[in-house]
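The numbers here are math on the coordinates, done by the rules we state, and not lab data. Since we're looking at a predicted model, the values are computed, not measured. As a convention, Cβ positions derive from the backbone with ideal geometry for all residues, glycine included, and neighbour counts pool all protein chains shown.
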Amino acid sequence: MFARRDNEPDYAILRNREALAENDTTNCYGTSIETVQSDNPLRDQSLNINEEGEVGDNPDRYKQHGFYFNADNCIACHACEAACSEKNDNPAHIAFRSVGFVEGGTYPAYQRLNISMACNHCDDPVCLKGCPTRAYTKFAEYGAVLQDPDICFGCGYCTWVCPYNAPQLDPEKGQVTKCNMCVDRLEVGLKPACTSACLGNALDFGVIEDIPENRSQAKVDIPGFPRTDITHPNIRFQQTRTTQREMTRVDQTAIKYHRSDEPLDSCNSKTYEESSFVPELDPKQGFKREWNLKKLLTSHENAHIAFTISAQLVMGAFIWLFLGSFFGDTLSLNYLSSSSAYLPGLVLLLGLITTGLYKLNMHLGKPQRFYRGFYNLRHSPVSREIAGVSLFFAGLVLFTLSAFFENSFFSAIQFIAGLIALVGLIFGGYFMYKLYRIEARPFWNHINTATSFIATGLVLGSLFVAVLNSVMGVMPSILNNLLLIAVSTGLVLEIAGLWAHRQSLKSAKSEGAASFYEQTTTYGYAYILRNALLILSLIMSISLLLTEHQSLSAYLVLSGLCLVSAIIGRALFYVVVIPTTMPGGFFWRNKGFVEHARETGLADMPQMGVVYEKHHAFKLDELIETIKTTSMNEKIDQFKRIFSG
Amino acid sequence: MLFGRSKKNPIKIADKKVIEWKYATCGYCSTGCSIEVGFDEQGKAVSSRGVADADVNRGKLCLKGIFEHELFTSSGRGLAPLQRDNWHQSWEKISWDTALDRVHDGIKTVQDKYGRDSFAVISTGQMLTEEFYTLGKLTRGLIGTNNYDGNTTLCMASAVSGYKRSFGSDGPPGCYEDFEYTDCLIAWGSNLPEQHPIIYWRFKEAQEKRKFPLIVVDPRVTMLAQNADIHLPITPGTDVVLQNALMHVIFKENLQDNDYIKANTNGLDELMAEVEKYDPITASKICGIDEDTIRSVARLYAGAGAAMSIWTMGINQSTHGSDGVVGINNLALITGNIGKPGGTSLSITGQCNAMGTREWSSCSGLPNHRLLENEQDRKDIAEFWNIDEEFLPKKRGMFQTDIYHAIEAGHIKGLWLIATNPLSSLPNSERVRRAMQKLEFCVVQDCYEDSESNQYAHVYLPAGTWAEKEGVMTNTERRINLINAIIQPPGEAKPDLWIFNQMAKRFNSKDEGKGKVNFPDKAADIFLEMGTLSKGRLADISGMNHELLEKNRGIQWPYTEQQVAAGEAPPSGEKRLYTEPTTFRYADGKAKLIPLPFIDNNEVPDEKFPIWLNTGRLIEHWHGRTKTGKIGNNNKYSPIPFIEINPDLAFELGIKRGDYVRLVSRRSDAVVMATPTHRVPKNMVFLPFHFHDCANRLTLGLLDPHSRQPAYKQSAIRIECLDDQKAAALLSKEMRNF
């Protein structure tokens, strides 16, 4: 239990909710404030904080709690952040709570609005749903959403889906940690450390919708705060001072917020346009076009580039080979499976996807915990992607092995393996796309993600088959034509998707507009190059088709063009995405400064609050230790809970 | 509702396993927050928290205090005494005995060769009061140099001077509790939320209970200015004009408190004659505040039941710093706003113990506000210390700023720097650097070996920091707070008190022909000695002792032995000065109203250097960053120097957010990162002063004629764009290891 002092000051003591009206039982989204009814078995359990079995006596234990932030009063003194980091023993580069600001107006009618934010312990926690390892739990106690770093394998997907930048991925430790609502303090009737430390009387905490004394509002709307329908966050704001018409972020993100003159029901906003503060592009760095190829191609997301492109290529090529194996006659594709290119092709594909999977796994903060990727099949698209791709991989392995034997038994096995792989491909492929449809990442949340993924499979998969068959000298014109039609279709699909993406981003009232701005300025030449390569590839592909030209060198050139455009395109996809996080400061929580500190070596100083991205070793000993110390029953239970929750 | 895991693992929350909390007072600013440091089983300091029942901070701490326990293990600490013959040689580790002998001999050599006053001692606002008192006794009583001053000349000299001129003595008359009673608050050049966060919180608490108007005078739109009811974005260096204009309106409209003026002040006619010249129309042309606003502020202030002023460096660090303080005092005196609840003129002090040095260091005189110029004071102290009265100079010597000019001129040859870093903190760093290179013997005594001034030292003495030492400090509201020695200094570092006492032994020996001055070892005993010396004076502390100070979480002076004898408990707060009529410290008990003619001698922007350079503080940093620059959870909010620049100016110059630029003044240059913001007007940049080799390479620092405090806040610069941003980034990085 947290050691409560005898003389805790009033401001640190939680208010009791009993005084409130009885009919006030739902929050502004219409959800019950009581997390579980009085007869629920989840009641009266210990939180087991640091394995202490006591049960707290807080009378409001089963009511959803949340932070209350009075933006009128915040002075950006950082005391909340310091108190949080002190209590949670966080190093400088990790913070569960951060103060950012937006500013507007002209001297001296200047206004700066400071916003302190941690986790909002949402009604609908997308982190919990997204986490493939089930490291997250929403507790009936206080409605706290807590994460267990000992379960986490450091994929960072929760940091992608959270609109508020609450989960913190530590590049040093390779794990996520986050705000724990100071449940240890709540259990003894004290407000969280941040709230108790506030020097502006801005931050407060209590049962949700319980407006503190001397305050009048409880809205969920403030410049920079993302729309609420994504997660139904449990935070309430007061902000009564009229803001300037335009409030700008001071960090590198090219976004400002435009005040809407009509008061809106912020609890039910569904789109950015419905918000009281509409995000707009703020072209801070001008419109100078640059290359920045090194920055583009050496990002920490390279593992994702390698994985998605290789997996999609392999899937595309597999479809050809599967169809060639079993429907060759009907589809005039029998050249595929009967040629000398068939087996080497399968082996190459297997090698490719293995490399992709290896890169992906080693990108984890704790790669030895890879097996936990399936744990959240019930909710997480990542788990489902991993399951699907693993199934595809398993099917492909079996498919390839059985291809070495030429008899009807193995042929049957191969057919079944192919079907398994196909199921894995459809399931895994769909969730590979689905997992990027993140509301908090507008740049990805577009049909273009699907068209691009499918196109990569079609184009690179077909070209793989084409090159291979050309090398082996088995390329009849019918196959040539079919492959070129697939490549052209893929390219048209890619171009159409990108065009639609561009159109939607250009006028977007969201961080998507800033992503597009980054894409066309910071990486402007790379963007143009990619587009040019796509068009060139399409022209070449159609020309080859129309002229019925057929040569290995032509295929190699076309493959080169398509591969380069796919890599640049995918790198852009990962590098320019801008999440709907809260605004940062000029140094702290500014992606621009983080990059600068890493580029210049300022990050060598630990007190800079910036650390380098790094890769983590596969700790085999930890894996063996886990296998040894986990009993068979526990293993079985663990497996059951993949389905039971 | 979706809860996730059906099987819940135990919740893991960081537990620092504190087994003991030890009491101290925060060593950063002058607010005087009571703090407890948590120690784990291994005796490691792992946590800090505010003391819940302390009247000052009531359990709160700012971000610096919250991480203060990390100070003990921060990098750059001095672990052994060092020496060398020339500053360009490398250091040699030596024993304490050798080091102390070397310092003693070094001082003697310089003094014998060039005269007693050719060796200067520069102290600080960072040490504990008993240490100040001991150093004063050593310097005035045994070493015998009159060139002895503290770095408080850089922050509080104008307040001291202004208080002395107006009231006949130093000593802020108000207290934090005044926020609870005031009907109008003017903040002059004070960014309270950033500089004194806990005092700001006390103000906020009061304002939430009872709304009263806040008026902020500041050329920059600080958070306080932004939240003010009336913000006066004044032209830098023209506060006196605004004050005169306010008084002009008050007298014109007959809003003054005639009874109070008559009973308690002298000099009304002269004052009225001077302010007559400053009608709001004339004044508005100089100070940039329109006549209408001047009138309404004057009426608001004079019409309030109780009105108070607070100020910080915006007033003090100016060529009219002392006058600005007098102006604030004038306003308070003519409206009867001194010594009453909510009516005061309260200087918000800077360093943790700037007040202690003002009271007890003997820098500007003799202990407890005694004056060298006063024969009786000299006699009393000489007798008390058992020294020859004639050994004491009859007039105060040079201020820190003048000492450096004297080093430059070759009049001062030796220097002992104690817990201060002039190479960073004095204006015009290049001039300071040249001066320091000329020193024949320089001793640096500091807890940090990497203090930049140590570059030019011949002997380095490693000192303890903050709560590695026991003693008291006085805060802004004259509250004496106790610090316990809760941990040992690292390596061979020693408490400053120990160093002074060891040094005293060497100067106190029989060979020196004296050998009779008493230097108690224990801080608690020294405090009692000081108590004896304080009897019957303004700052009477004879009723206090260390134990009582901890028990009461600090006691405001005066608290006398008579009060103890009468069974009167120490007040928890609410103690004010000059509450009774004619109790000011001039002989007749009356305060002086002093006319303030305005002379414009600032370095104002011109064609060649068209931009105002405004310097100031950031909440996350403490002074030269030797402390906070090494604590990640403080430093990360502003790890490298930057300017706030108006976006319209940035656009004209082609400067983008995050670009490095070069600032050039008539002195030198500085490379900083630009953050465009409308916090500053188009003809001004704001540059935090914390960073070494930065702001003070640019500042001129003209001296106030009364306080000799430098005008850090009014200089002119131009801005040069840098084509090679990469080189600029590396240069900026190279200039600091923390």
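Farthest towards the positive end of the charge dipole of the protein assembly as shown, among the residues A:ALA76, B:GLY654, B:GLY171, is the Cα of B:GLY654, using unit charges on the Cβ of Lys, Arg, Asp and Glu.
Per residue, the convex hull around the alpha carbon atoms of chain A comes to 180 Å³. Note on region B:157-347: lysine pairs with Cα distance below 22 Å, sequence gap of 8 or more or different chains, count 10.
For chain B, the relative contact order is 19 percent, taking Cα pairs closer than 8 Å that sit 6 or more residues apart in sequence and dividing their mean separation by the residue count. Per-residue mean of foreign Cβ neighbours for A:128-137 is 3 (Cβ atoms of other chains, 10 Å radius). The Cα atoms of chain B give a gyration tensor whose axes a ≥ b ≥ c have a/c under 1.5, which makes the shape rounded. Taking the DSSP beta bridges with both ends in the protein assembly as shown, the antiparallel portion is around 60 percent.
Protection proxy ranking for A:517-523, A:213-219, using the average of other Cβ atoms within 10 Å per residue and placing the highest first: A:517-523, A:213-219. Over all distinct Cα-Cα pairs of region B:659-727, the Kirkwood formula returns a hydrodynamic radius of 13.2 Å. Compute the separation of the alpha-carbon centres of region B:393-435 and region A:37-76 and state it in Å as a whole number. Region B:393-435 and region A:37-76 have Cα centres separated by 59 Å. Taking every alpha-carbon pair within region A:577-645, the share separated by more than 21 Å comes to 58 percent.
Note on region B:1-65: Rg/Rh from C-alpha atoms, Kirkwood Rh, equals 1.22. With no solvent and one equal point scatterer per Cα, compute the Debye intensity ratio I(q)/I(0) for the protein assembly as shown at 0.09 Å⁻¹ and report its log10, rounded to two decimals. Listed by q, the Debye log ratios stand at -1.20. For region A:249-366, pairs of C-alpha atoms spaced more than 22 angstrom apart make up 65 percent of the total. Candidate cross-link partners of B:LYS379 among the lysines, defined by an alpha-carbon separation under 19 Å and a same-chain spacing of 8 or more, comprise B:LYS137, B:LYS394, B:LYS395, B:LYS514, B:LYS516, B:LYS535. Give me the percent of Cα-Cα pairs in region B:611-734 that sit more than 25 Å apart, rounded to a whole number. The calculated P(r) of region B:611-734 puts 22 percent of pairs beyond 25 Å.
For B:ILE186, the residues whose modelled amide H falls within less than 5 Å of its own, excluding neighbours fewer than 5 places apart on the same chain, are B:ILE215, B:MET308, B:SER309, B:ILE310. Kirkwood hydrodynamic radius (Cα pairs, Å) of region B:157-347? So the Kirkwood estimate lands at 16.2 Å. Dipole magnitude for chain B: computed about the Cα centre from +1 point charges on Lys and Arg Cβ and -1 point charges on Asp and Glu Cβ, it is near 1500 debye. The charge dipole of region B:20-73, taken about its Cα centre with unit charges on the Cβ of Lys, Arg, Asp and Glu (plus for the first two, minus for the last two), comes to roughly 200 debye.
Anything over 18 Å Cα to Cα? Flag those among A:LYS87/B:LYS8; A:LYS129/B:LYS7; A:LYS138/B:LYS7; A:LYS288/B:LYS733, in the order listed. Pairs exceeding 18 Å: A:LYS87/B:LYS8; A:LYS288/B:LYS733. Pull out a ≥ b ≥ c, the square roots of the eigenvalues of the alpha-carbon gyration tensor of region A:73-195, then state rounded if a/c is under 1.5, prolate if not and a/b is larger than b/c, and oblate in the remaining case. Because a/c hits 1.5 or more and a/b exceeds b/c, region A:73-195 counts as prolate. When the GluC sites (Glu not before Pro) in region B:645-738 are filtered for DSSP coil states and for at most 16 other beta-carbon atoms within 10 Å of their beta-carbon, no site remains. Across region A:294-575, C-alpha contacts under 8 Å between residues 6 or more apart give a mean separation that, scaled by the residue count, equals a relative contact order of 23 percent. Excluding same-chain neighbours fewer than eight residues apart, the aspartates and glutamates reachable from A:LYS359 by a Cα-Cα span under 13 Å are A:GLU301. Taking θ as phi - 60° and the Karplus parameters 6.51, -1.76 and 1.60, the scalar couplings of region A:219-235 work out to 9, 10, 8, 7, x, x, 7, x, 4, 8, 6, 5, 10, 6, x, 9, 9 Hz in sequence order, x denoting glycine and proline. Taking a ≥ b ≥ c as the square roots of the Cα gyration tensor eigenvalues, with a/c under 1.5 meaning rounded and otherwise prolate when a/b beats b/c, else oblate, which class fits region A:294-575? Oblate is the answer for region A:294-575, as a/c is 1.5 or above yet b/c matches or exceeds a/b. For a straight C-alpha distance cut-off of 15 angstrom, the aspartates and glutamates reachable from A:LYS63 (same-chain residues fewer than eight places away being disregarded) are A:GLU18, A:GLU22, A:ASP24, A:GLU34, A:ASP39, A:ASP44, A:ASP123, A:GLU141, A:GLU187, A:GLU209, A:ASP210. Per residue of B:63-70, other chain Cβ atoms within 10 Å of the residue Cβ number 4 on average. Counting only DSSP H runs of at least 4 residues, each contributing -39500 (n - 2.57), and dividing by the residue count of chain A, the helix-based mean residue ellipticity at 222 nm comes to -14000 deg cm²/dmol.
Put a plus charge on the Cβ of each Lys and Arg, a minus charge on the Cβ of each Asp and Glu, and nothing anywhere else: the dipole of the protein assembly as shown about its Cα centre is then about 2460 debye. Ranked by the mean number of other Cβ atoms within 10 Å of their residues, highest first, the peptides B:353-361, A:290-298 fall in the order B:353-361, A:290-298. Which percentage, to the nearest 5, of the DSSP beta bridges contained in chain B is antiparallel? Among the beta bridges of chain B, antiparallel pairing accounts for roughly 50 percent.
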